[in-house]
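Reading through the structure tokens given below for one structure.
The values are calculated or read from the model by the stated rules, or taken from the named source; none is laboratory data. Note that the coordinates shown come from a computational prediction; the quantities given were computed from them, not determined experimentally. Don't worry about glycine lacking a Cβ; one is built from the backbone with ideal geometry, like all the others, and counts go over all protein chains shown. These accessible areas exclude ligands, DNA and RNA; they are computed on the full protein's heavy atoms, side chains included. Shrake-Rupley method; radii C 1.70, N 1.55, O 1.52, S 1.80 Å.
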Amino acid sequence: ESRRMARFSQLAVVATQMALEDAGLALSDEEREDVGVVTGTAVGGTIIETEGGLRRLGTKSLMRISPNHLLSLPPNMAAFQIAKTFEFHGYNSTTVTACAAGAQAIGDAAQVIRNGRAKVMITGGSEATLTPMAFASFAIMRALSTRNGDPAASSRPFDAERDGFVMSEGSAIFILESLEHALQRGARIYAEVAGYAANSDGYHVIAPNPDPKGPIKAIRYALADAGMEPQDIDYINAHGTATPLGDVAETEAIKTVFGERAYEVPISASKSMLGHGLGSAGAMEMLACVMTIRDNRIHPTINLDTPDPQCDLDYVPHTARAAQVDVVLKNSFGMGNQNACVILKRYREN
């Protein structure tokens, strides 16, 4: 079956298998009828599968193209393959909002549970775009780091010498449940989705708005959705792509919402170590947030050697930090000025 799937679908199916095993989730046939799936991706299989198809066209006849070629391209194929492989027949959707997709999919899945449409949702993000065309496209946009002689130091969020992101790929999948369902089966609860918001600046297809009103509203609406104030946030996991404009815009948004407290809240950028997984980034970084709550340990922003005067907050440079973390804000911002913010909190009985 995997040979019929695009790579992003393969990654999502394998991550789902791992998540189900970790959750110890045993479902009857009747229960599977109402389990839903929401996954996020930026491009699905379109880039990697089309490039592979074009290479085969150049060396073979038209009729040597795989009959599964077109069926592997659509972004919804990961959600479909998860549903098919594990026989989940409930709500099914795909969030395609560029680099915000992974986080937004998790927020959307939580809303499905809130609305009573499902008790269990499989959700997260998946992306596989490491192809010559993708590299060339981002390079011509000057979005990628050119620090090619020192790849380990190439991703430098919030550093004064940052010059773009480093592409990566992967998938992170979560099992979301209603509290009632989780307690009934004695589930190990890593964290609770407390708040969520998504919007768009509608400003520019690539460049962040110099007045980051979209991210500001998304953070504020997520806080309101969680019934929280800025002082309730213990840690912020930044979008932090290491682009010159993006890191400044995110810093300004945090300052606007948090005021003086912005200088007290630890912030770190997972992309300094993971690279930018595009549509899967928000989900992979959400996993880091969950582990931060579990372990009370904040991962660092590596490569932050030269502080940028415009990015002057506490980005936990170089070294992980022990801290009591009960509430986390996760920011994810994508092309098309798409903004998604999710608030996670430690689950406490009663």
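For region 173-215, the average shadow cast by the Cα convex hull is 4.9 nm², which is a quarter of the hull's surface. Across region 199-275, the relative contact order, built from alpha-carbon pairs under 8 Å that are at least six residues apart, equals 35 percent. Would you mind getting me the FRET efficiency between residue 51 and residue 84? Use the beta-carbon distance for r and R0 = 22 Å, nearest 0.05. Step by step, r from the Cβ atoms, then E = 0.30. Sequence-distant contacts, meaning Cα pairs under 8 Å at least 6 residues apart, place the relative contact order of the chain at 22 percent.
A full extension of the chain between residue 181 and residue 295 corresponds to an added length of 38.6 nm, given 0.36 nm per residue minus the alpha carbon distance.
Evaluated over the chain, the count of Lys pairs having alpha-carbon atoms less than 27 Å apart is 17 (only pairs 8 or more residues apart or interchain).
Indicate the gyration tensor shape class of region 191-304 (rounded, prolate or oblate), computed on the Cα atoms with a ≥ b ≥ c the square roots of the eigenvalues: a/c under 1.5 is rounded; otherwise a/b larger than b/c is prolate and the rest oblate. Rounded, since a/c falls under 1.5. Note on residue 239: accessible area approximately 20 square angstrom, rounded to 10, probe 1.4 Å, nucleic acids and ligands left out. Take every DSSP beta bridge whose two residues both sit in the chain; close to 60 percent of them are antiparallel. In terms of its C-alpha gyration tensor, region 191-253 comes out prolate, because a/c is 1.5 or above and the ratio a/b outweighs b/c.
With contacts taken as Cα pairs under 8 Å at a separation of at least 6 residues, region 164-224 carries a relative contact order of 30 percent. A cut-off of 5 Å between modelled amide H atoms, ignoring neighbours fewer than 5 places along the same chain, links residue 194 with 343, 344, 345.
Between 104, 310, 81, the Gaussian network model of the chain with springs among Cα atoms under 10 angstrom shows the greatest mean-square fluctuation at 310. Comparing mean-square fluctuations of 311, 289, 99 from a GNM of the chain with C-alpha springs under 10 Å, the top value falls on 311.
Residues whose amide H falls under 5 Å from that of residue 40, counting only those 5 or more places apart or on a different chain, are 95, 124, 125, 126, with hydrogens built in the peptide plane.
Label positions at residue 4 and residue 220, each projected 7 Å from the Cα along the C-beta direction, are separated by 5.0 nm. With contributions of -39500 (n - 2.57) from each DSSP H run of at least four residues, the per-residue ellipticity at 222 nm computed over the chain stands at -10500 deg cm²/dmol. Mean-square fluctuations from a GNM of the chain, with a 10 angstrom spring cutoff on Cα atoms, peak among 220, 297, 56 at 56. Please work out whether region 297-345 counts as rounded, prolate or oblate from its C-alpha gyration tensor, where a ≥ b ≥ c are the square roots of the eigenvalues and a/c under 1.5 means rounded, while otherwise a/b larger than b/c means prolate and anything else oblate? It comes out oblate by the Cα gyration axes.
Each of residue 245 and residue 137 was given a label point 7 Å from its Cα along the Cα-to-Cβ line. The distance between the two points is 1.9 nm. In the frame of its principal axes, region 106-165 has Cα extents of 51, 28, 19 Å, reported largest first. Inter-label distance, residue 61 to residue 146: 4.7 nm, where each label sits 7 Å from its Cα along the C-beta direction.
Relative to its residue count, the chain spans a Cα convex hull of 133 Å³ per residue.
In region 76-197, Rg over Rh equals 1.08, where Rg is the alpha-carbon radius of gyration and Rh the Kirkwood radius from pairwise Cα distances. Distances between placed amide hydrogens fall under 5 Å for residue 35 paired with 89, 90, all partners being 5 or more residues away or on another chain.
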